[in-house]
Amino acid sequence: MKTTSFIIYLLSFIHFAIGQLNNTWTEISTRKSGTITVHYLEQRPFCYKEKQNGKLTGIEIDIMQEFVKWLKNKKEVNVKIEYKPYNKFNEVYETVKNNKDAATFGLATVTVTPERMRELDFSAPYLKNKSLMVSHGQVPTIAKIEELPEKFANLTAITVKNSVHEHDIQIIKQKYLPNLNIEYVDLPKQVIEKIASDKRYFGYLDLLTYWDFVKNNPKVYVKIHRSSIISNENFAFILPKGSDWTPIINEFFEAGFGFTATKMYRSILENHLGFEVISTVELY
């Protein structure tokens with residue numbers, strides 16, 4: 001009985017190991033076909049379903065689809081995508097970080113940082129970003145960061161756990177507002193919704209999250225504190241550390257002049273963004 005159990009366990013382990021091996025780029029490129037898993041955060045304008053027909057679209061989704069077309073045209077490899085949606089940034093991040101499947105990608109507007117690069121692989125960047133300090137319109141404007149203790153003393157910060165914006169808030173707390181209370185939500189859109197509905201809150205938002213909210217809520221009074229804008233951030237896709245898919249997606253982004261120099265890249269941005277923000281976020 002013990003021998004039978006051991007054989008069953010061994011066969012299961014071998015099946016698992018083969019399944020993992022089959023999802024490496026080396027194996028899939030040899031077979032000329034395979035499946036990749038894309039874990040994505042549901043948020044406009046990056047990954048979302050159209051209201052009219054339920055079609056999955058967005059900047060990140062469309063770029064990933066172009067990557068699959070590139071694999072077929074340039075590498076003669078047919079790849080299918082299995083999409084898995086999430087409603088929490090941290091769930092996407094941790095799922096990819098702890099995944100042993102090489103053919104795993106994360107789409108969640110993840111900002112590239114040295115700390116995260118120790119835990120994950122990043123693709124080449126696909127978009128620039130600015131982080132904006134945002135509040136209700138009735139909150140006094142911060143002309144310079146040193147005014148925070150005076151004008152934001154009674155406000156509460158709101159942010160997404162483990163995001164770069166939480167890091168930014170923690171720096172403000174350390175330097176300017178030691179008694180600052182911080183509340184957490186799951187999604188960036190919940191940050192701006194809370195700020196718009198209650199003038200007691202402020203927080204940081206990615207430029208495009210703020211733009212999308214303002215575009216769809218023109219009567220809501222929220223504003224940017226321009227003295228506290230954080231620039232020089234880049235978004236990229238994430239992969240498990242050591243994935244052999246990392247060099248392949250980087251080739252897609254960087255070969256020749258790179259995907260971000262193509263008409264298709266510009267078309268994707270124009271399809272999901274307005275002219276007022278494209279020049280700020282597009283890569284060249």
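Read the figures in this text as sums done on the coordinates, not as results from a lab. If you're wondering where the values come from, they're calculated on a predicted model, not measured in any experiment. Using ideal geometry, Cβ is built from the backbone for each residue, glycine included, and neighbour counts are taken over all protein chains shown.
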Original post:
Roughly what % antiparallel, to the nearest 5, for the DSSP beta bridges in the chain?
Top reply: 50
**OP:** Enumerate the aspartates and glutamates that residue 72 could reach by cross-link, defined here as Cα to Cα under 16 Å, with residues fewer than 8 away along the same chain left out.
**Re:** 27, 62, 251
**OP:** Kindly work out what percent of the DSSP beta bridges joining two residues of the range 25-128 are antiparallel, to the nearest 5.
**Re:** 20
Subject >> Restraint check, 97/263; 84/173; 151/199; 161/189; 173/199; 194/219, Cα-Cα greater than 24 Å >> reply: 97/263; 84/173
**OP:** May I have the pair-distance distribution P(r) for the range 65-105, computed from all Cα-Cα distances with 10 Å bins from 0 and rounded to whole percent?
**Re:** 25, 42, 28, 5
Original post:
What is the P(r) of the chain, as percent of Cα-Cα pairs per 5 Å bin from 0?
Top reply: 1, 5, 11, 15, 16, 15, 12, 9, 6, 4, 3, 2, 1, 0, 0, 0
Subject >> Rounded, prolate or oblate (a/c below 1.5 giving rounded, otherwise prolate when a/b exceeds b/c) for the range 129-232 by Cα gyration tensor >> reply: rounded
**OP:** Quick one: order 209, 57, 30 by neighbouring beta-carbon count within 10 Å, fewest to most.
**Re:** 30, 57, 209
**OP:** Please go through the range 233-267 and write out the chymotrypsin sites (Phe, Trp or Tyr not before Pro) that DSSP classes as loop and that have at most 12 other C-beta atoms within 10 Å.
**Re:** 257
Subject >> Sparse-neighbourhood loop sites, trypsin sites (Lys or Arg not before Pro) in the range 141-174 - DSSP loop, at most 15 other Cβ within 10 angstrom >> reply: 144, 161
Original post:
By counting other Cβ atoms within 10 Å of each Cβ, how are 55, 49 ranked from fewest to most?
Top reply: 55, 49
Original post:
When a footprinting reagent is the concern and you count Cβ atoms within 10 Å, what order do 269, 107 take, fewest first?
Top reply: 269, 107
Original post:
In cubic angstrom, how much convex hull volume per residue do the alpha carbon atoms of the range 47-203 span?
Top reply: 149
Subject >> DSSP bridge orientation in the range 129-232 - percent antiparallel, rounded to nearest 5 >> reply: 60
